[in-house]
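The values are calculated or read from the model by the stated rules, or taken from the named source; none is laboratory data. Model, not experiment: these values are computed from the prediction. Using ideal geometry, Cβ is built from the backbone for each residue, glycine included, and neighbour counts are taken over all protein chains shown. Each accessible area value is taken on the protein alone, full model and side chains, heavy atoms only, with ligands, DNA and RNA left out. Shrake-Rupley method; radii C 1.70, N 1.55, O 1.52, S 1.80 Å.
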Amino acid sequence: GGLTRGRTGRAWVLGLFGRYRGTVRRTGLMWVNPLLLRRRVDVRLRHWRSEPMPAADGNGVALRAVVLVVWRVKDTARATLGVEDHESYLRECVEAALARVPVEMPGAARGSVEAASETLTRLVTRDAGAVGVEVFSVRPARVEYAPEVAAAMHRRRIAALDAQDRATMVTSVVDSVEDTVTRLTMRGLVELDDYERKALVKDLTVAFCAGRGESAP
């Protein structure tokens, strides 16, 4: 009953009557006292892609973030005996870090994204290190708005784009009207007093806006 086989990337944590008796990392066939309680631990480098977790951006808008964590078990005794399930503990550490660190939607400045990843890695490394888990990186792989605010934020983004397009169009129309009036007067094609100039500017503005409105679709 004491004959067992060690595998690469696996370790056996041994216990006897509730006391830690050591860790076996050997590979191949070996004999272990059958009275010892054996717990197998995976000590390979692992990637964990989380389910969507609650998060928020710098303005407090609710988000959902999928996080990619690179980690491994460094201290088998702490990972096995320090907590009931070290993988669940790591998940809780990531959730706690996301609650404290604002993340940004795709398209944000690269510096802010890197800063958020570094802060998340530092916090999770500190918390998970207490149970023998070594964390190399914690990086948001996908960020999206939470379902309860997704529709409102989509409408806000569309409104912002429409406002930007309108501002660009107005600037272009004003420049075109100014250029037209300047050319007409400088070349001596027309002589305008203040009233006629204002009327011409008004008519040209209406004409240019109508033309751009028809060509926009």
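Filtered by the rule that a residue be touching a residue at least 60 places away in the same chain (Cβ under 8 Å), open to solvent by 30 Å² or more (accessible area, probe 1.4 Å) and farther than 14 Å from ALA130 by Cα, the stretch 63-112 gives ARG64, LEU68. Please enumerate the residues belonging to the stretch 1-33 that are modelled with pLDDT of 80 or more and open to solvent by less than 90 Å² (accessible area, probe 1.4 Å). The answer is GLY9, ARG10, ALA11, TRP12, VAL13, LEU14, GLY15, LEU16, GLY22, THR23, VAL24.
Just one residue in the set VAL13, VAL101, VAL32, VAL70 is under 15 Å from the mean Cα position of the chain (by Cα) and of a type in the set (A, V, I, L, M, F, W, C); that residue is VAL101. You will find that of VAL149, VAL138, VAL170, VAL190, the residue that is modelled with pLDDT under 80 and touching a strand residue (DSSP E or B) at 6+ places or on another chain (Cβ under 7 Å) is VAL149 and no other.
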